[in-house]
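What follows is a single structure, written as structure tokens, with notes after it.
Laboratory data are not the source of any read-out in this text; all were calculated from the coordinates shown. Predicted, not measured: the structure shown is a model, and the values here were computed from it. Glycine also receives a Cβ, built like all others from the backbone with ideal geometry; neighbour counts cover every protein chain displayed.
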Amino acid sequence: MSQELIKTSNLSRNYYLGDNVVMALKDVSMTINKGEFLAIMGPSGSGKSTVMNLIGCLDTPTSGQFFFDNFDVANLSTDELAEIRNEKIGFVFQSFNLLARTSALENVQLPMMYSGADRIKRKEAAEQVLRQVGLADRMDHQPSQLSGGQQQRVAVARALVNNPSLILADEPTGALDTKTGIEIMALFQQLNSSGITIIIITHEYDVAQFANRILRFKDGEIVDEEINAERIDAEALLKDYGNTQPKEVNIA
């Protein structure tokens, strides 16, 4: 059985602005295997956000082939793409995207509400993943009562709750200080060690160094690939800070 999770062939995405055509992605062919920790990096306008939207089934390509877990998804309907997103993909964003007046426990349950899971099952699953990300004592806290790192852990727990094949993280450390960002990368490395495929979208080379493989995009194309045989061990790096626990920072 194939170990490929994502395979694209000549994948392109054009956007039309009046009479102008913007070629955001140009004939991209790549393979991402199950259990990989991959970083996709590049500057603004490089195509990394476009490829993230395609991989995450948030958009459809203009041309080319795209297989997700051996299933052809390039020409699926909006409803079919939504079903794949909810069942197979967990998303983590730079801005956390948590509901402000809702507890961590309730925020994490949201994807299961969309999938129609019953209340007891939702609560049990949300409690389990919050414990997994180190927030057993913060389940009833609202986002304003949590540090930035804790809010991102809630977002990671929400991404985990439907047991996805893939976690897709868009600039997940962009709103965090250096130490807290390393803590989040340590969490991603732990999840990857358990078998979950992780893809990080970033413009920072330092962040990409936590991944096992790096794809660099420029002008809508892959221009370089790096196998990161000596990736940074986030847990080991945290020892330099003298504390591996999440940093408490009260934010407004």
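Take every pair of alpha-carbon atoms less than 8 Å apart whose residues are at least six positions apart; their mean separation over the length of the range 19-166 yields a relative contact order of 25 percent.
Using a Förster radius of 30 Å, what is the FRET efficiency between Asn10 and Glu235 based on their Cβ-Cβ separation? Nearest 0.05, please. Working shown, then result.
Values: r = 39 Å, r/R0 = 1.32.
That pair, Asn10 with Glu235, gives E of 0.15.
Of the DSSP beta bridges with both residues in the chain, give the percent that are antiparallel, rounding to the nearest 5.
Details: 23 of 42 bridges.
Around 55 percent of the beta bridges assigned by DSSP in the chain are antiparallel ones.
The fewest-to-most ranking of Thr8, Thr31, Thr180 by surrounding Cβ atoms within 10 Å reads Thr31, Thr180, Thr8. With contacts taken as Cα pairs under 8 Å and at least 6 residues apart, the chain reaches a relative contact order of 26 percent. In the neighborhood of Ala211, defined by Cβ-to-Cβ distances under 13 Å, what is the net charge if each Lys or Arg adds +1 and each Asp or Glu adds -1? Taking every Cβ under 13 Å from that of Ala211, the sum is -4. By the rule of a C-alpha distance below 28 Å, with chain neighbours fewer than 8 residues away ignored, the lysines paired with Lys239 are Lys179, Lys247. Straight-distance candidates among the lysines for linking to Lys218, with alpha-carbon spacing under 22 Å and chain neighbours fewer than 8 residues away dropped: Lys7, Lys26, Lys48.
Using only alpha carbon pairs under 8 Å that are at least six residues apart, calculate the relative contact order of the range 130-216 and give it in whole percent.
Values: 68 pairs, mean separation 23.8, N = 87.
About 27 percent, as a whole number.
Taking 0.36 nm per intervening residue step and subtracting the Cα-Cα distance, what contour gain separates Lys26 from Gln65 on full extension?
Details: separation 39, 0.36 × 39 = 14.04 nm, distance 1.24 nm.
Full extension from Lys26 to Gln65 adds 12.8 nm.
Between Gln128 and Thr178, the distance separating the two model label sites (each 7 Å from Cα on the Cα→Cβ line) works out to 3.9 nm.
Starting from the Cα-Cα distance between Asp140 and Glu80, subtract it from 0.36 nm times their residue separation and give me the gain in nm to one decimal. Let's see the in-between values first.
Details: separation 60, 0.36 × 60 = 21.60 nm, distance 3.39 nm.
Stretched fully, the Asp140-Glu80 segment lengthens by 18.2 nm.
Counting only aspartates and glutamates at least 8 places from Lys88 when in the same chain, those with an alpha carbon closer than 13 Å to its own are Asp69, Glu80.
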